[in-house]
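Take a look at the structure set out below.
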Amino acid sequence: MKITHFPWLFLTLLFQISLLCVLATGQCLDSQRSLLLQLKQSLTFDSSLSTKLVQWNQTTEDCCNWRGVTCSKNGGRVIGLDLDNEGIRSEIKSSSTLFRLHFLEKLNLASNSFNGTQIPSGLLNLSSLVYLNLSNSFSGQVPNVFSRMKKLAVLDLSNAYSLKIEHPKLSIIVQNLTQLAELYLDTVDMSTQGSDWSRAIASSLPNLRILSLTNCRITGPIHSSFGKLQFLSVIKLDGNSLNVPFPESFANLSNLKILSLHSCNFSGVFPQRILQIPTLQTLRLSYNDLLKGSLPEFPRNGSLQELFLYNTNFSGGVPESIGNMARLYDIDLSQSSFSGRIPQSMVKLTQLVRLDFAYNKFSGEIPIPPKIYEYADYSSNDFSSSIPPNIGDNISAAYFFSASRNNLTGIIPESICNAKNLAVLDLSYNRLNGKIPSCLLHKSKVLKVLKLGHNNFTGNLSGTFFKGRGLKSLDLHANQLEIVPTS
């Protein structure tokens, strides 16, 4: 009798297709599921805070569908584990099943307490990691557990606890991380590193794009080789007392987008070339009292969006080319030594949200850009013009406007009534005269602070004005106003 093999071939083919479909959906392997359940069992966590661990194995047995778990597309292997903010408060021991998930490429354990323990040495076993975030989770010395992580591109150890890098030194910790693109060590105590930190980074991390070392207690000088990190686009060193002249090598970083050096105790002269880097979007140099500098000619079609130079020793004028910075939305030059006239090209800055030129030596007219969306402060300068007649239209969306302590003359234009969102208006200590626009005194429900003292305003104020107003602070003293009593 002839035996047909068709049914067996069909069933075999059907089984293979079914198996491929299962694998294609990323359904987890039993071994991976078992490791995750053992991990959950070993952890103590706050179930009222947890949104991931608490749900594991409750709605589905397929661990690839559990929250915080990512699987490979064609093998059911766990390649990503995202357990940030899970309220975990127990130690992860080096024998934990976590470190048997050998295919992990992404691990996020941020913002858990782990009972104040050190970073576990078991991380050595996760050599496939590309992304590792342990921020705000561990304390103590950072161990050398990264030597096998040669694929690591992102490392975040930024910390609100007592994490430190002492022994081993930073140079040992990062020596094999040649693929690292992002390094975050904010608030990690690196005070014992001296100036070696900059040499270690420059020599070991050639592909670095983002460096964030705020409040790390590092010191200078910054090694000249730092300027050879051509991929660097973000540098944040805020809150470190570097106490050195500003490094000229920073001007060689042609791909810079963000340079944030707030409160670093820099001295010397700031290189103008940095402000001419076409890609630069944010420059923060505030609270570097000894740092000198001046504004350069700005390039056409520049990328600059934020410029913070307050509490520096910058001087000189604002160049006409400031109008080229069409994307600028926040500029703060306050409490510095700038002087001269502000160019009319400022009116080209149509994206401005916030402008602060207070406590300088600016003079001449106040050029108010056509739209300031939130905040404008021209106080404590030497402006001597009248207030622009269209001021109310230009600050119609702003909540704060001050030009106090100048030499402004003339009247307050009626257009001020168009500034319907204004909560604070301070024009005190000028030489303004005429009548105060009635909208400021009777109609505004938004205005909370009105300071017009030490001017030459005239006119009568009804006693009823002081009742039922939305004002929380009113200063009209040292004017020529009369209060008319109510009958």
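The values are calculated or read from the model by the stated rules, or taken from the named source; none is laboratory data. What you see is a predicted model; the values in this text were computed from it and never measured. Glycine also receives a Cβ, built like all others from the backbone with ideal geometry; neighbour counts cover every protein chain displayed.
Summary of computed values
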{"item": "Condition met for residue 449 (touching a strand residue (DSSP E or B) at 6+ places or on another chain (Cβ under 7 Å) and within 24 Å of residue 338 (Cβ to Cβ))", "result": "no"}
{"item": "Residue match in segment 172-182 (condition: within 19 Å of residue 202 (Cα to Cα) and touching a residue at least 40 places away in the same chain (Cβ under 8 Å))", "result": "yes"}
{"item": "Residue 249 surrounded by fewer than 16 Cβ atoms within 10 Å (Cβ to Cβ) and touching a helix residue (DSSP H, G or I) at 6+ places or on another chain (Cβ under 6 Å)", "result": "no"}
{"item": "Strands (runs of 3 or more DSSP E) enclosed by segment 338-439 - at least 2 residues per element that are small (Gly, Ala, Ser), more than 23 Å from residue 455 (Cα to Cα) and free of Cβ contacts under 8 Å to residues at least 60 places away in the same chain", "result": "none"}
{"item": "Hits in segment 448-467 (condition: farther than 18 Å from residue 379 by Cβ and modelled with pLDDT under 95)", "result": "459, 460, 461, 462, 463, 464, 465, 466, 467"}
{"item": "Of residues in segment 430-445 being buried (at least 16 other Cβ atoms within 10 Å of the Cβ) and out of contact with any strand residue (DSSP E or B) (no Cβ under 9 Å at 6 or more places or on another chain), the one modelled with the highest pLDDT", "result": "437"}
{"item": "Single match in 201, 235 (criterion: touching a residue at least 24 places away in the same chain (Cβ under 8 Å) and in a helix (DSSP H, G or I))", "result": "201"}
{"item": "Residue that is surrounded by the fewest Cβ atoms within 10 Å (Cβ to Cβ), among those in segment 157-176 that are in contact with a Leu (Cβ under 7 Å, 6 or more places away or on another chain) and closer than 16 Å to residue 110 by Cβ", "result": "158"}
{"item": "Residues of segment 326-337 classified as part of a strand (DSSP E or B) and surrounded by fewer than 22 Cβ atoms within 10 Å (Cβ to Cβ), total", "result": "3"}
{"item": "Yes/no for residue 315 being in a strand (DSSP E or B), hydroxyl-bearing (Ser, Thr, Tyr) and more than 17 Å from the chain's Cα centre (by Cα)", "result": "yes"}
{"item": "Hits in segment 121-135 (condition: part of a loop (DSSP other than H, G, I, E, B) and either over 17 Å from residue 165 (Cβ atoms) or at pLDDT below 95 (or both))", "result": "126, 127, 128, 129, 130"}
{"item": "Filter result for residue 115 (outside any loop (DSSP other than H, G, I, E, B) and either at pLDDT below 95 or closer than 22 Å to residue 64 by Cα (or both))", "result": "yes"}
{"item": "Pick from segment 83-95, criterion in a loop (DSSP other than H, G, I, E, B) and aliphatic (A, V, I, L, M), ranking: nearest to the chain's Cα centre (by Cα)", "result": "83"}
{"item": "Residues located in segment 275-286, provided they are hydroxyl-bearing (Ser, Thr, Tyr) and either within 18 Å of residue 357 (Cβ to Cβ) or buried (at least 16 other Cβ atoms within 10 Å of the Cβ) (or both)", "result": "282, 286"}
{"item": "Filter result (in contact with a Pro (Cβ under 9 Å, 6 or more places away or on another chain) and either in a loop (DSSP other than H, G, I, E, B) or small (Gly, Ala, Ser) (or both)) within segment 146-177", "result": "168"}
{"item": "Test: residue 98 is outside any loop (DSSP other than H, G, I, E, B), touching a helix residue (DSSP H, G or I) at 6+ places or on another chain (Cβ under 8 Å) and touching a residue at least 40 places away in the same chain (Cβ under 8 Å)", "result": "yes"}
{"item": "Residues that are within 23 Å of the chain's Cα centre (by Cα) and crowded, with 22+ Cβ neighbours inside 10 Å, drawn from segment 287-306", "result": "288, 291, 304"}
{"item": "Qualifying residue in segment 265-274 (condition: at pLDDT 95 or above, surrounded by 16 or more Cβ atoms within 10 Å (Cβ to Cβ), in a helix (DSSP H, G or I) and not assigned by TED's automatic domain parsing to the domain that holds residue 175)", "result": "yes"}
{"item": "Hits in segment 93-131 (condition: among the polar types (S, T, N, Q) and either out of contact with any strand residue (DSSP E or B) (no Cβ under 8 Å at 6 or more places or on another chain) or within 19 Å of residue 75 (Cβ to Cβ) (or both))", "result": "94, 95, 96, 97, 111, 115, 121, 125, 127, 128"}
{"item": "Test: residue in segment 69-82 that is surrounded by 13 or more Cβ atoms within 10 Å (Cβ to Cβ), at pLDDT below 95 and part of a helix (DSSP H, G or I)", "result": "no"}
{"item": "Residue match in segment 207-229 (condition: in contact with a His (Cβ under 9 Å, 6 or more places away or on another chain) and either of a type in the set (Val, Ile, Thr) or at pLDDT below 95 (or both))", "result": "yes"}
{"item": "Index of the failed condition, residue 137 passing every other in (1) over 18 Å from residue 119 (Cα atoms); (2) crowded, with 19+ Cβ neighbours inside 10 Å", "result": "(1)"}
